[in-house]
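**Student:** Handing you this structure, nothing more for now.
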Amino acid sequence: MAEIIYNGQSTKDFKLRILNDVTHELSSNDIETQPVPGRDGVLLLDNQRLKPVERAFPLRLEDSVYPKTTEIAEWLGVKGWHDLELSWDDGFLYQATVINTISISEVLKQLGRLQVVFLVHPVKYFKDNSELALSKGQRIVNQGNVQAKPLIELTGNGNTVITINGRRTVLEDIQGSIILDMEKRMVYSGNLSAWEKVVREEGAVFPYLDVGENSVSWTGDFTMTMVKNEGDRI
């Protein structure tokens with residue numbers, strides 16, 4: 001039987017069965033239109049990102065309705081983004097949150113059915129995104145079909161320049177270690193923010209991996225580990 005695992009718990013835990021009429025919305029580019037006086041049509045303004053998508057799953061409760069209503073509402077009512085796994089899309093991990101959960105209890109009490117609507121991040125990630133120990137000049141492959149935003153940890157002291165396919169990221173005065181989490185747009189050392197270590201210079205960018213092959217190098221006496229965060233566009 002197909003199942004959804006969200007925030008560590010499965011639909012099977014609540015004796016919920018997924019009905020067949022599931023719809024799949026695909027991600028789209030975030031494009032704004034701008035009308036221009038005296039010009040036919042509109043300008044297209046590309047915000048350089050993908051929009052999140054909504055995924056709706058109709059479910060049927062195959063157990064006594066009460067007290068499952070409270071348990072299900074607590075399961076789906078957690079705030080923030082959480083891992084979402086779909087048994088029919090094995091090998092991928094989604095990031096999702098649940099919206100429109102206010103009427104869940106009422107619907108269950110009346111019909112034993114509900115529709116769960118997930119707001120889903122537009123990229124699904126490979127489950128085998130393990131940590132890699134890299135050497136300078138190493139070539140690594142991003143097997144996804146979108147740019148990957150890696151998690152990089154550098155250990156050492158002093159200044160360094162990370163170079164990925166010719167793109168530079170400049171860091172200074174590192175003491176011990178620093179982590180660049182590009183998926184979350186965070187730079188930290190220990191429990192403290194370390195954005196001040198990132199040098200804003202012309203041509204410098206935050207690191208990312210192109211689709212396909214990437215050459216990774218850095219200067220100075222540092223070691224590097226990386227979680228590539230590869231994924232496919234939904």
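The values are calculated or read from the model by the stated rules, or taken from the named source; none is laboratory data. In this text the structure is predicted, and so the values were computed from the model without any measurement. Cβ placement follows ideal geometry from the backbone for every residue including glycine, while neighbour counts extend to all protein chains displayed. Quick note on the areas: whole protein, heavy atoms, side chains included, nothing else; ligands and nucleic acids left out. Shrake-Rupley method; radii C 1.70, N 1.55, O 1.52, S 1.80 Å.
**Student:** Report the paramagnetic label zone for residue 155: residues of the stretch 201-234 whose backbone N is under 16 Å from a point 7 Å from Cα along the Cα-to-Cβ axis.
**Tutor:** Under 16 Å, as judged by backbone N against the label point of residue 155, lie 221-227 of the stretch 201-234.
**Student:** If we sort 85-96, 149-160 on the protection proxy, mean other Cβ atoms within 10 Å, highest first, what's the order?
**Tutor:** Numbers: 85-96: 15.9, 149-160: 17.8.
Ranking, from highest mean packing down: 149-160, 85-96.
**Student:** When only Cα pairs under 8 Å and 6 or more residues apart are kept, what is the percent relative contact order across the chain? Walk me through the intermediate numbers first.
**Tutor:** Working: 513 pairs, mean separation 47.4, N = 234.
Once normalised by length, the contact order is 20 percent.
**Student:** Further, regarding this structure: Taking the Cβ of residue 163 as the center, what net charge do the other residues with Cβ under 14 Å away carry, scoring Lys and Arg +1 and Asp and Glu -1? Walk me through the intermediate numbers first.
**Tutor:** Values: positive: 136, 139, 167, 168; negative: 201, 210.
With Lys, Arg at +1 and Asp, Glu at -1, the neighbours total +2.
**Student:** Can you give the FRET efficiency to the nearest 0.05 for residue 204 and residue 51, using r as the Cβ-Cβ distance and R₀ = 30 Å?
**Tutor:** Numbers: r = 28 Å, r/R0 = 0.93.
Working from the Cβ atoms, E equals 0.60.
**Student:** Given only helices, namely DSSP H runs of n ≥ 4 each adding -39500 (n - 2.57), what is the per-residue ellipticity at 222 nm of the chain, to the nearest 500 deg cm²/dmol?
**Tutor:** Working: 2 runs with 20 residues, N = 234.
Counting only the DSSP helices, I get -2500 deg cm²/dmol.
**Student:** Then there is this: Reachable lysines from residue 149, Cα under 22 Å, same-chain residues fewer than 8 places away excluded?
**Tutor:** Those lysines meeting the cut-off are 51, 124, 127, 136, 184, 197, 228.
**Student:** Label points 7 Å out from Cα along the Cβ direction at residue 132 and residue 175: separation in nm?
**Tutor:** 3.2
**Student:** Given a 1.4 angstrom probe, what's the average accessible area per residue across the chain, in square angstrom?
**Tutor:** Details: 13040 Å² over 234 residues.
Accessible area per residue, the chain: 56 Å².
**Student:** Under a point spin-label approximation (7 Å from Cα along Cα-to-Cβ), what is the residue 19-residue 145 distance to one decimal in nm?
**Tutor:** Taking the two extended label points, one gets 3.0 nm.
**Student:** For residue 44 and residue 78, calculate 0.36 nm times their separation in residues minus their Cα-Cα distance, and state this gained length in nm to one decimal. Please list the in-between numbers first.
**Tutor:** On the way: separation 34, 0.36 × 34 = 12.24 nm, distance 3.69 nm.
Result for the pair: 8.5 nm of gain on full extension.
**Student:** So what does the Cα-only Debye profile of the stretch 31-158 read at q = 0.18 Å⁻¹, as log10 I(q)/I(0), no solvent term?
**Tutor:** After summing over all Cα pairs, the log10 values are -1.06.
**Student:** OK, next. Can you pull the percent of the chain's accessible area that's carbon plus sulfur, 1.4 Å probe, other chains left in place? Provide the component values of the computation, followed by the final result.
**Tutor:** On the way: 6300 of 13040 Å².
So the carbon and sulfur contribution to the accessible surface is 48 percent.
**Student:** Per residue, how big is the convex hull around the C-alpha atoms of the stretch 192-234? Give it to me in cubic angstrom, could you? Before the final figure, lay out the partial values.
**Tutor:** Working: hull volume 7.0 nm³, N = 43.
It comes to 163 Å³ per residue, whole-number rounded.
**Student:** Taking the Cα centre as origin and putting +1 on Lys and Arg beta-carbons and -1 on Asp and Glu beta-carbons, what dipole magnitude results for the chain, to the nearest 20 debye? The partial results should precede the final answer.
**Tutor:** On the way: 25 positive and 33 negative charges, 47 e Å.
The calculation lands at about 220 debye.
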